[in-house]
Structure formats: structure tokens, C-alpha cells
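In what follows, a single structure is set out as C-alpha cells and then discussed.
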Amino acid sequence: MPELPLAEAIPQGLPQLRFLQRQDDCSSEDFLISTNSDDHRLVKSRENQIRIAVDVMGGDYAPANVVAGACEAIHESGGRFHLILVGPEETISASLRECRRQSGAHTPPTESYDIMHAPEIIDMHDLPNAALKTKRKSSIGVGLHLQKDGKADAFVSAGNTGAVLSAATLILGRIHGIGRPTIGALIPTAKSPCMLVDAGANVDCRPQHLLEFAVMGSKYISAVRNLSNPRVGLLSIGEEDSKGNEASVAALKLLRKSGLNFVGNIEGRDIFSGDLDVIVCDGFVGNILLKFGESFPLFLKTKFKAFAEVSITNKVLGLMVRNALRRVMKDLDYQEHGGVPLLGVNGVAIIGHGKSTPLAIKNMIYRAEEMIEKAVNKNIQESLASINE
């Protein structure tokens with residue numbers, strides 16, 4: 001990782017920070033130091049406390065929404081984890097001061113977070129691979145290097161999805177046995193949420209990749225929903241084994257021999273039934289499905305509003321069902337899930353929606369904590385090893 005510049009100003013209300021250059025036998029290039037104490041010791045979280053690096057500059061409404069969400073997560077968690085806020089130091093400090101001024105905003109104690117200076121930003125319009133080469137001090141790159149160097153246990157970002165995917169794969173590496181990492185997304189159903197893999201990371205997939213997606217999705221949903229034997233389906237154009245394109249037909253044969261609880265091909269009408277826990281498809285289909293689902297709550301709101309405006313009677317009926325409708329819409333709200341996991345990398349990375357609110361950012365941090373506590377990556381590696389034996 002390239003050398004990080006010294007902070008130019010000390011943010012108000014925070015302990016003074018400086019960077020100590022590494023010695024030759026150290027694995028990372030800089031250490032974040034607190035100079036509040038006489039012994040100049042390294043800033044550390046409490047023993048066994050999870051450390052999560054947060055890309056403060058990720059998303060359309062960064063840094064305000066990211067900092068607000070991080071503050072809420074620290075406040076609600078009661079100190080379960082330690083956050084490392086990654087981005088331009090003065091920008092982060094200004095956002096923290098703004099949170100302090102806002103009515104009802106929770107300003108976390110300084111011992112619950114650190115600031116890691118990263119002066120460059122990869123925005124939504126940057127080409128991922130080119131940006132990673134030219135912006136080596138970006139908040140995405142610096143945050144992921146913190147995890148690689150053992151100074152963070154997870155990384156969360158609502159920034160450029162392609163850049164996070166590429167950087168996480170290059171910096172953290174892949175879990176042994178994984179050909180391609182995948183993005184998984186939780187989809188609400190008539191019963192419990194199911195896992196959609198791939199949700200957009202891989203447009204073109206080989207049969208082996210689809211098998212790997214099934215394994216990763218199965219292990220993730222097993223962990224977060226405490227399922228012993230999740231049901232896995234392969235999204236296709238018909239239930240018969242012969243239906244689908246060349247890759248899906250070949251993948252079906254691999255899945256039948258995988259030892260997973262594979263139910264066979266499923267169709268689009270089966271997605272919301274709640275009879276499945278994992279739905280497997282390539283990223284081209286998965287991302288279209290995900291974006292369609294994201295548009296559905298707004299469509300429902302528009303239809304209900306139009307219905308209520310027709311007459312007084314309709315408006316009264318709308319008011320009668322308003323609370324029930326809100327509860328239903330909450331299940332469809334991406335903010336409640338926070339972000340989606342990048343599965344298959346040798347670490348924990350959570351990717352959020354570009355328009356993430358403070359609520360979504362807070363829940364992204366919780367998803368990262370969940371992946372660490374449930375040891376999802378270890379379970380994935382063990383499952384792949386047993387299949388490949």
C-alpha cells in the first residue's frame with residue numbers, strides 16, 4: 001500500500017493523531033497512533049472487539065449519511081465493535097462535528113472509532129480497474145488494505161460496486177477453491193428472505209461458477225438464518241432438467257451431485273413463494289431481477305396514492321390500511337437489509353446501495369459483524385473442500 005500522507009489538521013474534539021512509519025519487519029506501511037497518552041501506544045480496539053473499516057466517501061450522499069449511520073451503529077451496539085472511518089481526515093472530522101450539532105444525532109466516544117486518512121475518492125463514474133491504478137490512496141483501497149494487514153476484520157462501502165469487487169478480489173484474494181467471488185442479495189418472500197446469487201458480479205458464468213455460487217449462498221443463509229439444510233434452486237425457463245442455456249443445464253448436473261439440498265430448476269414465479277432459501281443464477285439475470293425488485297415498492301406506493309386520490313371513500317380506505325401497508329413495505333425496503341455480502345474473497349466485504357441512507361449504512365455494519373461472528377468464510381471453504389474430495 002502506498003505511503004499515506006500526514007494529516008494537515010487536528011479535528012476538533014478528537015484525540016491528536018499521527019502516523020508512525022513502519023519498520024522493515026512490519027507488514028503494513030503505517031500505524032495509526034494516539035498521542036493522548038505518554039506511552040504513544042498503538043490505537044487498538046478492546047481485546048476480541050470486532051474492527052470494521054467504513055468507506056466514508058462511498059455513496060451518493062457521502063460523507064454525511066455514512067458518518068451518521070456509523071454513529072448510530074456505535075450508539076446502538078453499546079461498544080460491540082470498533083469502527084475505522086476511512087477517507088479524507090478533515091472531511092470526516094467536519095461530518096462528525098455536523099452530527100454533533102444536529103438535534104438527536106449520536107456522537108460516539110472517541111475511543112469507539114479511529115480515522116484513517118485516505119485523500120482520494122473513487123466515484124460512481126470511474127472505471128473500476130483504471131481508478132484502482134490511478135487512485136492508490138482511495139478510501140476503498142486503503143480500507144481493504146487495513147483488512148489485509150490485520151488492522152480491520154471487515155470492510156463496508158456504499159461506493160462504486162465494481163471498484164469494491166475488483167479491489168477486494170485483488171487485495172484480499174479469493175478463498176481457496178473459489179473461481180469467482182459473487183455478490184449475494186437477500187430477497188423478501190412470502191415466508192423468510194432467500195438468498196439470490198449472483199446479484200451482478202459475474203455476467204457470464206461457467207457451470208462450475210454456478211456451483212460455487214450455490215455453495216457460498218447456502219453457507220451464508222445457513223449462518224444468518226440458522227438453517228441446517230437450506231433448499232437451493234437453479235433459476236431457469238422451465239422445471240425440466242433439459243430446460244435452460246448450455247451453462248445452466250451443465251450446472252444442474254453438478255448441483256445434483258454436490259450434496260447440497262438441491263431441488264432442481266425453478267422458474268421466476270417460484271421466487272417469492274418462500275419455498276426456497278437460495279436461488280442461483282448468473283449475474284446478468286440476477287442484477288436485472290434485483291433492480292426490478294427494488295422498483296416494486298415505489299410502484300406500489302404510486303398505485304396506492306393514485307387509488308386514494310380518486311375519492312374521499314378511497315382515501316378513507318387507504319388510511320385504514322396505512323399501518324399494515326407500512327409494515328409490508330418495511331420488508332421490501334433495502335435499508336432494512338443494509339448491504340449485500342461479497343462472498344468468496346478471503347475477508348469480509350459488504351457492498352451497499354449508492355443511495356444508502358444512515359439506516360442502510362448502520363445495517364451494513366451489522367451485516368459485517370454478523371459475517372465475522374458466524375464464520376461464514378470458514379464454512380464456505382470447508383464445504384468446497386468436501387465437494388472437491
Q) Which of the residues that make up region 302-338 are of a type in the set (Val, Ile, Thr) and more than 31 Å from the chain's Cα centre (by Cα)? A) Val310, Ile312, Thr313, Val316, Val321
Q) Name the pairs: first residue in region 81-110 and modelled with pLDDT under 80, second residue part of a loop (DSSP other than H, G, I, E, B) and aliphatic (A, V, I, L, M), Cβ to Cβ under 9 Å, at least 6 apart or on different chains? A) none
Q | region 228-241 residues that are in contact (Cβ under 8 Å) with a residue 40 or more places away in the chain and in a loop (DSSP other than H, G, I, E, B), paired with ones that are crowded, with 22+ Cβ neighbours inside 10 Å and of a type in the set (A, V, I, L, M) (beta carbon under 7 Å, 6 or more apart) | A | Pro230/Ile221; Pro230/Val278
Q: Could you grab me the full set of residues in region 161-185 that are surrounded by 17 or more Cβ atoms within 10 Å (Cβ to Cβ), of a type outside the set (Ser, Thr, Tyr) and assigned to a helix (DSSP H, G or I)?
A: Gly162, Ala163, Val164, Leu165, Ala167, Ala168, Ile171, Leu172
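Test Thr134 against the stated conditions and say whether it is polar (S, T, N, Q), surrounded by fewer than 23 Cβ atoms within 10 Å (Cβ to Cβ) and either at positive phi or touching a Cys at 6+ places or on another chain (Cβ under 8 Å) (or both). Walk me through it before giving the result.
Numbers: polar (S, T, N, Q): yes; surrounded by fewer than 23 Cβ atoms within 10 Å (Cβ to Cβ): yes; either at positive phi or touching a Cys at 6+ places or on another chain (Cβ under 8 Å) (or both): no.
Taking the combined requirement at face value, the residue does not satisfy it.
Pick from region 189-202 the residues that are among the hydrophobic types (A, V, I, L, M, F, W, C) and within 17 Å of Leu276 (Cβ to Cβ): which of them is farthest from the chain's Cα centre (by Cα)?
This residue is Ala190.
Within region 265-307, can you find the residues that are crowded, with 16+ Cβ neighbours inside 10 Å, of a type outside the set (D, E, K, R) and not in a helix (DSSP H, G or I)?
Residues of region 265-307 crowded, with 16+ Cβ neighbours inside 10 Å: 265-266, 270-271, 276-283, 285-287, 289-290, 293, 297, 304.
This time we only want the ones that are of a type outside the set (D, E, K, R), so: 265-266, 271, 276, 278-281, 283, 285-287, 289-290, 293, 297, 304.
Within region 265-307, Asn265, Ile266, Leu276, Val278, Ile279, Val280, Cys281 qualify.
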Q | Flag if Gly259 is farther than 30 Å from Arg322 by Cβ, touching a Leu at 6+ places or on another chain (Cβ under 8 Å), loosely packed, with under 15 Cβ neighbours inside 10 Å and not acidic (Asp, Glu) | A | no
Q.
I'd like to check something: does region 187-198 contain any residue that is in a helix (DSSP H, G or I) and on the phi < 0 side of the Ramachandran plot?
A. no
Q. Do we have any residue at all in region 119-128 that's touching a helix residue (DSSP H, G or I) at 6+ places or on another chain (Cβ under 7 Å) and part of a helix (DSSP H, G or I)?
A. yes
Q | Tabulated pairs, region 158-169, first polar (S, T, N, Q), second in a helix (DSSP H, G or I), C-beta under 8 angstrom, 6+ apart or interchain | A | Asn160/Pro128; Asn160/Ala131; Asn160/Ile140; Ser166/Pro128; Ser166/Asn129; Ser166/Leu132
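Check Ser157, Ser95 and return the single one that is farther than 21 Å from Ala368 by Cα and in contact with a helix residue (DSSP H, G or I) (Cβ under 8 Å, 6 or more places away or on another chain).
Working: Ser157 fails: farther than 21 Å from Ala368 by Cα.
That would be Ser95, the only listed residue that is farther than 21 Å from Ala368 by Cα and in contact with a helix residue (DSSP H, G or I) (Cβ under 8 Å, 6 or more places away or on another chain).
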Q | Among the residues listed as Pro193, Pro128, Pro119, Pro188, the single one being surrounded by fewer than 24 Cβ atoms within 10 Å (Cβ to Cβ) and touching an Asp or Glu at 6+ places or on another chain (Cβ under 6 Å) | A | Pro188
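Can you pull out the residues in region 242-253 that are within 15 Å of Asp282 (Cα to Cα) and in a helix (DSSP H, G or I)? Before the answer, list the steps.
Let us first name the residues in region 242-253 that are within 15 Å of Asp282 (Cα to Cα), namely 244-252.
Scanning region 242-253 gives Glu246, Ala247, Ser248, Val249, Ala250, Ala251, Leu252.
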Q: Select from region 203-220 the residues that are assigned to a loop (DSSP other than H, G, I, E, B) and at pLDDT 95 or above and write down the one among them that is farthest from the chain's Cα centre (by Cα).
A: Arg206
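The values are calculated or read from the model by the stated rules, or taken from the named source; none is laboratory data. Not measured: the values here are computed from a predicted model. Using ideal geometry, Cβ is built from the backbone for each residue, glycine included, and neighbour counts are taken over all protein chains shown.
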